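Below you'll find the structure, written out as structure tokens, and then a few comments.
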Amino acid sequence: MNTNSMNPKVDRRDGKLTMAHFYVAFIALAIGGLAGLLQTLVRSGKFQLPTWTGYYQILTLHGVVLGLVLTTFFIMGFQLALVSKTSGTFTRKQRLTGWIGFWTMTIGTIMTAIMILTNQASVLYTFYAPLQAHALFYLGLTLVIIGSWIDGAAIIMAYTSWRKANPGKPSPLLTFMSLVNTLMWIVATIGVAATVLFQLLPWSLGLVDRVDVLVSRTLFWYFGHPLVYFWLLPAYMAWYAIVPKIIGGKIFSDSLARMSFILFLLFSIPVGFHHQLMEPGIDPAWKFLQVILTFLVVIPSLMTAFSLFATFEMYGRSKGSTGLFGWVKKLPWGDARFAVPFIGMLAFIPAGAGGIINASNQLNQVVHNTIWVTGHFHLTLATSVVLTFFGISYWLVPHLTGRVLTKAMNKLAIIQGVVWAIGMTFMSGAMHAAGLLGAPRRSSFSTYGGSEQAAEWIPYQIAQAVGGTILFLGIILMLYIFVNLAFFAPKGEEEFPVGEVADQAEKTPMVFENWKLWLGITVLLILFAYTIPFIDMIQNAPIGSKGYKFF
Amino acid sequence: MAQPEIGKKTHTKVEDQPSLKGTLASVFLLGFFLIVTWLGVFFLFVDRF
Ligand code: HEM
Ligand SMILES: [Cu+2]
């Protein structure tokens, strides 16, 4: 890895920018966590919400605040810190760009939150038409996206100036990864921006009467799948390039890491139909094509698994471990910066298995729109990704605030990870099981008129409430640790771990920095996967739907 | 920055590659788990539809 531009410490001014993002992210965690707890309690059938609110309002809050706000703010803040650390302190112009991005996102978030809290936008975080929210809800989300583009511009500017200053050299790995994720995000959000600006906003303002539901859902899922990779890639950054340093090992291969990120850029976008497998109006041939492309994403995922196992084993063997799995014992289990993300990695095994099931056309018929799906993404997003983000916070927050993670906090952090794992085993396990028995997602408690099948789900719903309660405890622990690290922990220097590449690894080829090539292939794949289906949808469009407000 | 190492071969160390047997076993176990869960739901599908 290039060490010549690496900052020993993130500059204080850049640190403030990242921390601003993190404050919003952790406020979102507090609000969203409470909503999640309430949902599981309601679904258990033992608890009723007060009359001034309703299940779908709470669920919209939970989905928007955790799925969209927490993630986007944390990721942008984290990537800005990575770039400032590995490519050098931001220039004034770059930092100012970051702040404009932050405030744009924050204003958008406040607008959206007000609309949800005043019950004018209980349309869930996917805001599918023909459910219609107040125009300010869509406008607020638009600002969040525009703000994230401005944050992204700061990253692109910093990358460009690094390349100018270091001609002919591959960019620092973590800067490269942040850039790939930013580019993927920009290409992906064009889809959701298009449906919001050209369909949903004019329609909610009353400028047009009807909306084409299929086109809007397709544009949403053009964005929706890369969205999940936008969440996942920052966790991969930590797994590939930071965790090896924390355990005292080496990055298995710099080229392999870059290769897998490029594959995510190429194959994350032209695959949205795997969320629309049960939808009429899309030719099965195109669904088939996109499912094939989806399965190509399995390749970089398995490359990641291989690379992580190899990193751990090489480290363990260098410490003298023997036998097939002796290296497992050599890993630093007492270090929260490793142990908590590791729980996240473990969760990714059942999460990935579930994902392959979801994407298989026939199996999708078994699980589609059941609570299995919710169980699935509470493993991917709400465990793998979120626990890795927590693990990052345990060193990044004190690094940025000039404090240290004390022994006591480290211990509490490990407890936090374990509490989360236990809570999620209950909640997500029960969700998977109930889903296989047909229990629907996105639905409040109901006995469905005394149906026998619905009665089978109730014990699982109670298990979900038990898990949800334990998870909520985990959230309180996390917030306590965050506040400690941000404001109260003793002053000192906390390391910003950046991995080095193993000696045996091959030299990184420059082709990875050829953005004309990679973005070109990305666009070609998108055009290939979407052009004809879109023409079909528009040529055979129905008259469209009026808006519905059920809240 | 001075780069005294330039021109020096990087692959001169012939020390034996570390064994990655555990990694091989791990990815096989992982693959096995993926197949078993997939088949589980597949048989559920066959059963129901
Ligand atoms: C205390 C911890 C949590 C609990 C108890 C919880 C509980 C739930 C429940 C019960 C649902 C589904 C309800 C339904 O479909 O009717 C749900 C949905 C969801 N959760 Fe969580 N969750 C928690 C944490 C998280 C976290 C940390 C994230 C993301 C970072 C997250 C993201 C989501 C999303 C995106 C949805 C989908 C909302 C929708 O279908 O519209 N959750 N959660
Ligand atoms: Cu997807």
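The values are calculated or read from the model by the stated rules, or taken from the named source; none is laboratory data. Fair warning: this is a prediction, and the values are worked out from it, not measured in the lab. FYI the Cβ positions are ideal-geometry reconstructions off the backbone, even for glycines, and counts take in every protein chain you see. These area figures cover heavy atoms from the full protein model, side chains too; ligands, DNA and RNA do not enter into them. Shrake-Rupley method; radii C 1.70, N 1.55, O 1.52, S 1.80 Å.
Observations, loosely collected:
- Across all directions, the shadow cast by the convex hull of region A:344-390 built on its C-alpha atoms averages 2.9 square nanometres.
- Drop in accessible area of at least 30 Å² in the complex versus isolated chain, residues of region A:316-344, 1.4 Å probe: A:R317, A:L324, A:F325
- Length released on extending from A:W515 to A:I535, taking residue separation times 0.36 nm less the Cα-Cα span: 4.3 nm
- Convex hull volume per residue for region A:375-479, taking Cα atoms only, in Å³: 91 Å³
- Semi-axes of the equivalent ellipsoid for region A:440-551, Cα gyration tensor, largest first, Å: 43, 39, 17
- 13 Å beta-carbon shell around A:Q132, net charge (K/R +1, D/E -1): +2
- Pairs from A:K319/A:K407; A:K169/A:K245; A:K250/A:K507; A:K9/A:K250; A:K16/A:K93; A:K169/B:K21 whose Cα-Cα separation, in the structure shown, is over 26 Å: A:K169/B:K21
- Rolling a 1.4 Å probe across the protein heavy atoms gives the protein assembly as shown an accessible surface of 41 Å² per residue.
- J(HN,Hα) series, region A:282-288, from Karplus relation 6.51 cos²θ - 1.76 cosθ + 1.60, nearest Hz, glycine and proline x: 10, 4, x, 4, 6, 4, 4
- Here is the tail figure for region A:58-199: Cα pairs spaced more than 21 Å apart come to 45 percent of all pairs.
- Net charge over other residues, Cβ less than 14 angstrom from the Cβ of A:G326 (K, R count +1; D, E count -1): +4
- Between A:A439 and A:I371, the built amide H atoms are under 5 Å apart, and every one of these is 5 or more places off in sequence or on another chain.
- Rounded percent of accessible protein surface that carbon and sulfur make up, region A:12-539, 1.4 Å probe: 71 percent
- Inter-site label distance for A:Q362 and A:E493 at 7 Å from Cα along Cβ, in nm: 6.1 nm
- At full extension, A:W52 and A:D283 could sit 78.8 nm farther apart than now, given 0.36 nm per residue minus the alpha carbon distance.
- Extending 7 Å from the Cα toward the beta-carbon at both A:L527 and B:W38 defines two label points whose distance is 3.2 nm.
- Here the Kirkwood formula puts the hydrodynamic radius of region A:12-539 at 23.7 Å, using every distinct Cα pair.
- When accessible surface is computed with a 1.4 Å probe, chains A and B are found to bury approximately 2400 Å² between them, both chains counted.
- Estimated inter-spin distance, B:V27 and B:V46, nm [label 7 Å along Cα→Cβ]: 2.9 nm
- Multiplying the residue separation of A:K169 and A:R13 by 0.36 nm and subtracting their alpha-carbon distance yields 53.4 nm.
- Within straight-line reach of A:K329, meaning a Cα separation under 16 Å, sit the following aspartates and glutamates at least 8 residues removed in sequence or on another chain: A:E313.
- When nucleic acids and ligands are ignored and a 1.4 Å probe is applied, A:L34 ends up with an accessible area of around 90 Å².
- Lys/Arg +1, Asp/Glu -1 at C-beta; the protein assembly as shown dipole; positive extreme among A:T40, A:Q94, A:F22: A:Q94
- Its Cα centre serving as origin, region A:12-539 has a Cβ charge dipole (Lys and Arg +1, Asp and Glu -1) of approximately 1380 debye.
- Helix A:298-318 and the long axis of chain A differ in direction by around 30°, with both axes built from C-alpha atoms.
- Calculated FRET efficiency, A:V418 to A:F325, Cβ-Cβ distance, R0 = 22 Å: about 0.55 to the nearest 0.05.
- Only Lys, Arg, Asp and Glu carry charge here, each on its Cβ (+1 for the first two, -1 for the last two); on that basis region A:1-53 has a dipole of about 80 debye about its Cα centre.
- Global form of region A:175-232, assessed from the alpha-carbon gyration tensor, a/c cut-off 1.5: prolate
- Toward the positive end of the charge dipole of region A:12-539, with +1 on the Cβ of Lys and Arg and -1 on the Cβ of Asp and Glu, the farthest Cα among A:A505, A:A455, A:V366 is that of A:A505.
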